[in-house]
Amino acid sequence: MLIKKPNEIRSSEITPRELYLNRRQFIRAASATAISAGAMLSGLDASFNIGEARAGEKLANVKKSSYSTSEKLNSLKDITSYNNFYELGVDKGDPAQNAKYLTTRPWTVAVEGEVKKPKTYDIDDIMKLSPLEERIYRLRCVEAWSMVIPWIGFPLSALINQVEPTGNAKFIQLVTLYDPKRMPGQQKSIFGNVLDWPYVEGLRMDEAMHPLTILSVGLYGEVLPSQNGAPVRLVVPWKYGFKSIKSIVKVRFLEKQPATAWNLQTPNEYGFYSNVNPEVDHPRWSQATERRIGEFLRRKTLMFNGYGDQVATLYKGMDLKKFY
Amino acid sequence: MKNFYWIRIAAFGACLIPFGQLLYNAYQGDLGANPIETITRFTGSWSLIILLVTLGVTPLRRLTGWNDLIKLRRMLGLFAFFYVLLHFSTFLVLDHFFDFDRIAKDILKRPYVTVGFTGFVLMIPLAITSTAKMIRRLGKRWQQLHRLVYLVGIAGVIHFYWLVKSDIRRPVQYGAVLAVLLGYRLVKFLLPSGLPRLFNRGTSLKTTAE
């Protein structure tokens, strides 16, 4: 498999700074005028909650990686206050508010199934399993917004190699914690569950072994905040964000393709592969463009989220309209 | 009733509170990581809420016999239109920045946009014909025309229901309120004679319409 360096986004595709700044000025000026006209009301205060005390601890000896993009990073505040993590609430701001419930010690990750050396890892051993790298990746949500995030972690392949998959291992399934006390979004509601808990995700073995696929334990040089999927989460940058499962407690090696949470919920909208693909629309909205958080104009969505040079070969000959 | 003047002023002020809050938060730079999404959702929610309140005026008037309430209806309806206009402008300017090609595609191809846009378009004649002059000019037909608001309400709830990813709780709650408000009218329509007194405490609309 040929692994090329990630291609850079051409500067012509980035929204000019003046345009972006003008938008802010416009909104500010317009609202200032209207406010002076009369309406003075108390706003919501911007509470900015980073979760339990452990989050924010510095991570030492983090290497840079050639897989990182040099695009402008989203702020730590954006990354930690605008989250899809339904276990901590369905609104974007809920996970930051409820992060305090998700304590991450003690924590174990059970690795089982078609492996020669099944093992239950303590989270502190996972943190030391392989040298930590900073991977600055684009994240494209299926809801058509995106961010650039400096993850810290190591290739998932490092874990896979340790447990030695058998010849039968064709897929892996990953499972999120199920604990309604620590994950209030999992508590039963009279309206039924938003998703079937626990959240499950899966990858084909070659996707799981791909060097871009990482387990992340931090971001911005610090321990991963709970709302971002602490203590350990998957990051697969060429797939829609929901594939990058959070707060993992189990990794299972399987012969058959595993079930995945959003596919169980709405099979015609969310497939197993869920590769970022501007040509295959979500049944209810277009995937051709996206809004990069912090930018005004929409930008074009790139095939495989701009990681085509590295991953397109994985899907050679596959009809990506059928295997969405 | 002299006091009603103050009730109208209060209702007018109350309808402006969400708008004021939006402006204040925008001024504070406090619209979250995705301000355009925040504005879209905020204006969309308040459009629906005020529309439902507007649809509640007549049932409440008839159930309580408080006929003055009708004096709030036009104002509430126009405020619902005001928030819908803000919502649509957000879609047009902030979200798509006048990319008419994409906007046209969205309206034609995305059912939730189609139905939302339909609701918006249906509100335009209602807003235009809301003046006293138009009410007089259209006579009986005014009331027939303004029954379109029932379709607007249905379009609004469906629009919301079709756009959520999986948490249907809020659209279902709005839908339940709408079902009660429209159900009231259906029952009243099906029982024209010998109405239970409960349904008809208020006097006929003609004598109270402004």
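The values are calculated or read from the model by the stated rules, or taken from the named source; none is laboratory data. Owing to the predicted nature of the structure, the values given are computational and were not obtained by experimental measurement. All Cβ positions, even for glycine, are placed from backbone atoms using ideal geometry, and neighbour counts span all protein chains on display.
Can you find a residue that is outside any loop (DSSP other than H, G, I, E, B) and of a type in the set (D, E, K, R) anywhere in the range A:304-324?
yes
For residues that are closer than 19 Å to A:LYS181 by Cβ and under 19 Å from the mean Cα position of the chain (by Cα), scanning just the range A:97-117, find the one that is surrounded by the fewest Cβ atoms within 10 Å (Cβ to Cβ).
In this case the residue turns out to be A:GLN97.
Among the candidates A:PRO165, A:PRO198, A:PRO184, A:PRO211, single out the residue that is under 26 Å from A:ASP78 (Cα atoms), of a type outside the set (Val, Ile, Thr) and in contact (Cβ under 8 Å) with a residue 12 or more places away in the chain.
A:PRO184
Somewhere in the range B:42-57, is a residue at the interface with chain A (Cβ under 8 Å from one of its Cβ atoms) and among the polar types (S, T, N, Q)?
Taking the range B:42-57 as the starting set, the residues that turn out to be at the interface with chain A (Cβ under 8 Å from one of its Cβ atoms) are none.
No: the range B:42-57 contains no residue that is at the interface with chain A (Cβ under 8 Å from one of its Cβ atoms) and among the polar types (S, T, N, Q).
Only one residue in A:TYR121, A:TYR178 is farther than 30 Å from A:LYS300 by Cα, surrounded by 18 or more Cβ atoms within 10 Å (Cβ to Cβ) and aromatic (Phe, Trp, Tyr), so which one is that? Talk me through it step by step, then tell me what you get.
Details: A:TYR178 fails: surrounded by 18 or more Cβ atoms within 10 Å (Cβ to Cβ).
Going through A:TYR121, A:TYR178 in turn, just one is farther than 30 Å from A:LYS300 by Cα, surrounded by 18 or more Cβ atoms within 10 Å (Cβ to Cβ) and aromatic (Phe, Trp, Tyr): A:TYR121.
Taking the stated definitions as given, is B:PHE81 within 14 Å of chain A (Cβ to nearest Cβ), at pLDDT 95 or above and under 24 Å from B:TYR161 (Cα atoms)?
no
Being in contact with a Phe, Trp or Tyr (Cβ under 9 Å, 6 or more places away or on another chain) and more than 13 Å from every other protein chain (Cβ to nearest Cβ) is the filter here; which residues of the range A:277-302 pass it?
Residues satisfying the conditions are A:ASN277, A:VAL280.
Please specify each residue of the range A:241-278 satisfying the condition of being outside any helix (DSSP H, G or I), in contact (Cβ under 8 Å) with a residue 40 or more places away in the chain and over 26 Å from A:ILE123 (Cα atoms).
A:GLU255, A:LYS256, A:GLN257, A:TYR270, A:GLY271, A:PHE272, A:TYR273, A:SER274, A:ASN275, A:VAL276, A:ASN277
Among the residues of the range A:130-140, which ones are surrounded by 18 or more Cβ atoms within 10 Å (Cβ to Cβ) and either part of a loop (DSSP other than H, G, I, E, B) or modelled with pLDDT under 95 (or both)?
A:SER130, A:LEU132
Please determine whether any residue of the range A:103-123 is farther than 25 Å from A:VAL251 by Cβ, in contact (Cβ under 8 Å) with a residue 12 or more places away in the chain and outside any loop (DSSP other than H, G, I, E, B).
no
Scan the range B:111-150 residue by residue and report those that are farther than 23 Å from B:PRO59 by Cβ and hydrophobic (A, V, I, L, M, F, W, C).
If the condition is that a residue be farther than 23 Å from B:PRO59 by Cβ and hydrophobic (A, V, I, L, M, F, W, C), then B:VAL113, B:VAL115, B:PHE117, B:PHE120, B:VAL121, B:ILE124, B:ILE128, B:ALA132, B:MET134, B:LEU138 are the ones that fit.
Could you count how many residues in the range B:9-36 are within 8 Å of another protein chain (Cβ to nearest Cβ), among the aliphatic types (A, V, I, L, M) and within 14 Å of A:ASP78 (Cβ to Cβ)?
2
Which numbered condition in (1) at the interface with chain B (Cβ under 9 Å from one of its Cβ atoms); (2) assigned to a loop (DSSP other than H, G, I, E, B); (3) of a type outside the set (Val, Ile, Thr) is the only one that A:ASN61 fails?
Only one criterion is unmet by A:ASN61, namely (1).
List the residue pairs whose Cβ atoms are under 8 Å apart, where the first residue sits in the range A:78-96 and is within 10 Å of chain B (Cβ to nearest Cβ), the second is β-branched (Val, Ile, Thr), and the two are 6 or more positions apart or on different chains.
Listed pairs, sorted by first residue: A:ASP78/A:ILE293; A:ILE79/A:ILE149; A:THR80/A:ILE50; A:TYR82/A:ILE293; A:TYR86/A:VAL194; A:VAL90/A:VAL194.
Is one or more of the residues making up the range A:280-303 free of Cβ contacts under 8 Å to residues at least 12 places away in the same chain, surrounded by fewer than 16 Cβ atoms within 10 Å (Cβ to Cβ) and not in a loop (DSSP other than H, G, I, E, B)?
So far as the range A:280-303 goes, no, none of its residues is free of Cβ contacts under 8 Å to residues at least 12 places away in the same chain, surrounded by fewer than 16 Cβ atoms within 10 Å (Cβ to Cβ) and not in a loop (DSSP other than H, G, I, E, B).
Do we have B:PRO59 as at pLDDT below 95 and closer than 29 Å to A:GLU295 by Cβ here? Write out each step before concluding.
Working: at pLDDT below 95: yes; closer than 29 Å to A:GLU295 by Cβ: no.
So B:PRO59 does not fit the description; no.
Out of A:ASN161, A:ASN193, I need the residue that is surrounded by fewer than 21 Cβ atoms within 10 Å (Cβ to Cβ) and either touching a Phe, Trp or Tyr at 6+ places or on another chain (Cβ under 8 Å) or more than 14 Å from chain B (Cβ to nearest Cβ) (or both). Which one?
A:ASN161
Only one of these is modelled with pLDDT of 90 or more, of a type outside the set (A, V, I, L, M) and not in a helix (DSSP H, G or I): B:SER130, B:SER166. Name it.
Details: B:SER166 fails: modelled with pLDDT of 90 or more.
Of B:SER130, B:SER166, the one residue that is modelled with pLDDT of 90 or more, of a type outside the set (A, V, I, L, M) and not in a helix (DSSP H, G or I) is B:SER130.
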